[in-house]
Amino acid sequence: MAFELSQETLDTIDKVIPRYPQRQSALMMILHAIQKEQGYLSLEAQEWVAERLEIAPIKVREVVTFYPFYREKPVGKHYIRVCRTLSCALNGSYKICDRLCQELDTKPGEISPDGKATVEFAECLASCGTAPVVMVDDDMYENLTEDDIVELARRIREEEIK
Amino acid sequence: MSLETHIARKNLAIHPKERRIILKHADRPDYDASIDCYLRNGGYDQQKKAFSMKPEEICQEVLDAGVRGRGGAGFPAGMKWKFLDRKSGKPIYLICNADESEPGTFKDRQIIHKDPHQLIEGMMISAFAIQAAQAFIYIREEMPYGAKILEEAIEEARAKNLLGDNILGSGYSCDLVVHRGAAAYICGEETGLIESLEGKRAYPRIKPPYFPAALGLYMCPTIVNNVETLCNVKHIIEMGGHAYAEIGKPGNTGTRIWSLSGHVRKPGYYELENGVHTYGDLINEFGGGLRDGRQLQAVIPGGSSAKVWRAGERFKGKLRSGEEFDWAIEDVPLDFDGPMAAGSMSGSGAVVVIDDSVDIVEVLANINAFYAHESCGQCTPCREGSLWMKKITTRMANGGAREEDTALLASIGDQIAGRTICAHGEACAWPTQSFVAKFQDKFLDKAKQDPEQLSKRDFRMV
Ligand SMILES: Cc1cc2nc3c(=O)[nH]c(=O)nc-3n(C[C@H](O)[C@H](O)[C@H](O)COP(=O)(O)O)c2cc1C
Ligand code: SF4
Ligand code: FES
């Protein structure tokens, strides 16, 4: 199947390129738009971007493989990041991560068996004053207790979080 | 249970001793991020005033204000602007560093989410002052709403001709673009940030020759400043540079937004006049002190790369003014020079408090895991050293400590600092060097602890 993107994503891409004095600068914003739509950055996607920006495919791959947020494989329906850095760790984030994985029957970095989540450890999310914190897709959950985690996992399992 | 998400939670209990300039409006319940709200509160008046001045005059005000960078290094902004290479004839760029990635820091988040137009106004004044051809905000990926809020605010400002073409009829044009990172700490380092903005891996560039003020974005003269620094520019125009310099202490002018986290009762952000309060005030008065039954073990005074202080230690020496000092941690002035005199730094203004409930070796192991993950990999000492330090301290925390580890750690740290392309080398070496030096007894003790028990411990940080 040929590589295709939605019109919305194509529009976003057309909009970001002219913002920069040099085309390659738009690379990261384009990758964001594609990953948002497709969930990950396939090799086809990377080649498509290279062509769009008129740069060598390796320049795209270099970037995709450097930045932790870009991924070359799909994740679960929700991408969940548990902060593991100092202020969160001092406030129990390792336990929070264990508990979340237990509740979702998964392991860090893997897609849960029901496909609803991928839990990962992340580095400082710049919300250390409300530690421990967890990001579910774009949303930040703060000051979490183990009880909160049980509830959060329930909402994810029962699709109360869209 | 209240499991809710907030895009920008308001702090409705501002401490009466805070001196709020940058965060003056941000937490007001009736204040929002729209341009109408901003304009109702005097917004963009300073931009209008600045655009009636000469660019050199604005630069002079910023220099007179003595405002030091709030991103980490504390370099005076006016001086940095002076170093701009204006003779090359190449376009000049302004970049706002909104990567906010130093562990412990969450102050720029407040400005971006609650008062985005203040940042835009500060940036447009700064852009005009340095005659930038274009301006960028590099915001970390983990603030998706922040990026959206800024983009919307930029469109609002564009509709009112506050940025874009022929701004306010002045003949000066400058566009402002939001660029999102992708979860790499090293994008906070200004030359890594620039590479990233060029659509490449964030490999920092070596200085010299690549000082951004001469060879920055697209090898053009570039100024990179932190969010809070750029917001200050607006207030410098409002007050005048000399009047601004009256706030705080000489060489430490203005206010600072401190991010307080870790083992305190009231973690949070506090905007305080520089040099008026101490670390003791921040921890005990603003932060509400430690939790019940707990003793202070350590304080990290300026982000996780700052050298640690051990509870009970004393700092003695002579200030630049010639005055002698003999401080406990609690006496160190909350400003730029105080923590520096006490052998560390104020860095990004992030203070992490550590009580006696945790194992200090494990604290270092947690910090080391961060730096090992975030090294960009260009320099062997940083790439390999940060990994070794992580592996050794993790093994120690998990019950595999050996007598010789302490000396080994110190020697690795000593061989990184000063031998790398960027300051990530120091950032990863300083924690190990300082923890091992100050808590040597605890590190040596580790080898004597029962491995069985350590491996079964309930509370973990690695
Ligand atoms: C490893 C590393 C990470 C950094 N991270 C940040 C950051 O997240 N935000 C920031 O403003 N400055 C950061 N800095 C400092 C920047 O390199 C730069 O000095 C700063 O943005 C300049 O702005 P200022 O002069 O207004 O402080 C970092 C520096 C290093 C070495
Ligand atoms: S010091 Fe570390 S982060 Fe900086 S350039 Fe070298 S390897 Fe990269
Ligand atoms: S340490 Fe978790 S948000 Fe900063």
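The values are calculated or read from the model by the stated rules, or taken from the named source; none is laboratory data. Here the structure is a predicted model, which means the values were calculated and not measured. Using ideal geometry, Cβ is built from the backbone for each residue, glycine included, and neighbour counts are taken over all protein chains shown.
Mind checking which strands (runs of 3 or more DSSP E) fall wholly inside the range B:174-271 and carry at least 1 residues that are facing another protein chain (nearest Cβ under 10 Å) and either in contact with a Pro (Cβ under 9 Å, 6 or more places away or on another chain) or touching a residue at least 60 places away in the same chain (Cβ under 8 Å) (or both)? Can you show your working first?
Working: elements: B:175-180, B:222-226, B:255-262.
Counting at least 1 such residues, we get B:175-180, B:255-262.
In the set A:D105, A:D138, which member is more than 13 Å from chain B (Cβ to nearest Cβ), in contact with a Pro (Cβ under 8 Å, 6 or more places away or on another chain) and acidic (D, E)? Show your work before the answer.
On the way: A:D138 fails: more than 13 Å from chain B (Cβ to nearest Cβ).
Of A:D105, A:D138, the one residue that is more than 13 Å from chain B (Cβ to nearest Cβ), in contact with a Pro (Cβ under 8 Å, 6 or more places away or on another chain) and acidic (D, E) is A:D105.
Could you tell me which of the residues A:P108, A:P113, A:P74, A:P132 is surrounded by fewer than 17 Cβ atoms within 10 Å (Cβ to Cβ), more than 18 Å from the chain's Cα centre (by Cα) and part of a loop (DSSP other than H, G, I, E, B)? Even if it seems obvious, please write down each step before you answer.
On the way: A:P108 fails: more than 18 Å from the chain's Cα centre (by Cα); A:P74 fails: more than 18 Å from the chain's Cα centre (by Cα); A:P132 fails: surrounded by fewer than 17 Cβ atoms within 10 Å (Cβ to Cβ).
Answer to the selection: A:P113.
More than 16 Å from ligand 3 (Cβ to nearest atom), assigned to a loop (DSSP other than H, G, I, E, B) and either charged (D, E, K, R) or not assigned by TED's automatic domain parsing to the domain that holds B:G254 (or both): which single residue out of B:C422, B:C382, B:C428 fits that description? Spell out how you get there, then give the answer.
Numbers: B:C382 fails: assigned to a loop (DSSP other than H, G, I, E, B); B:C428 fails: assigned to a loop (DSSP other than H, G, I, E, B).
Unique residue meeting the criteria: B:C422.
Of the residues B:I58, B:I92, only one is within 14 Å of another protein chain (Cβ to nearest Cβ), within 27 Å of the chain's Cα centre (by Cα) and not hydroxyl-bearing (S, T, Y); which? If you could, list the steps in order and put the result at the bottom.
On the way: B:I58 fails: within 14 Å of another protein chain (Cβ to nearest Cβ).
Only one candidate qualifies: B:I92.
For the range B:96-119, give me each residue that is more than 12 Å from every other protein chain (Cβ to nearest Cβ) and assigned to a strand (DSSP E or B).
B:C96, B:N97, listed by residue number.
Among the residues of the range B:138-148, is there at least one that is away from ligand 3 (no atom under 16 Å from the Cβ), closer than 27 Å to B:C37 by Cβ, in the same structural domain as B:E198 (by TED's automatic domain parsing) and more than 19 Å from the chain's Cα centre (by Cα)?
yes
Given the criteria away from ligand 2 (no atom under 16 Å from the Cβ), at the interface with another protein chain (Cβ under 9 Å from one of its Cβ atoms), surrounded by 21 or more Cβ atoms within 10 Å (Cβ to Cβ) and of a type in the set (D, E, K, R), does A:R84 qualify? Break it down stepwise before answering.
Numbers: away from ligand 2 (no atom under 16 Å from the Cβ): yes; at the interface with another protein chain (Cβ under 9 Å from one of its Cβ atoms): yes; surrounded by 21 or more Cβ atoms within 10 Å (Cβ to Cβ): yes; of a type in the set (D, E, K, R): yes.
Criteria met by A:R84.
Evaluate the range B:167-186: report whether one residue or more is assigned by TED's automatic domain parsing to the domain that holds B:G216, within 16 Å of ligand 2 (Cβ to nearest atom), farther than 23 Å from A:I34 by Cα and not hydroxyl-bearing (S, T, Y).
yes
Name the single residue that is farthest from ligand 3 (Cβ to nearest atom) among those in the range B:355-369 being buried (at least 24 other Cβ atoms within 10 Å of the Cβ) and of a type outside the set (G, A, S).
Of the residues in the range B:355-369, the ones buried (at least 24 other Cβ atoms within 10 Å of the Cβ) are B:361, B:363-369.
Now drop any that are not of a type outside the set (G, A, S), which leaves B:361, B:363-364, B:366-368.
Values: B:V361: 19, B:V363: 12, B:L364: 15, B:N366: 9, B:I367: 11, B:N368: 15 Å.
Across the range B:355-369, the extreme among qualifying residues is B:V361.
Criterion first (under 20 Å from the mean Cα position of the chain (by Cα) and not assigned by TED's automatic domain parsing to the domain that holds A:T130) does A:Q46 satisfy it?
Details: under 20 Å from the mean Cα position of the chain (by Cα): yes; not assigned by TED's automatic domain parsing to the domain that holds A:T130: yes.
Yes; evaluated as a whole, the condition is true for this residue.
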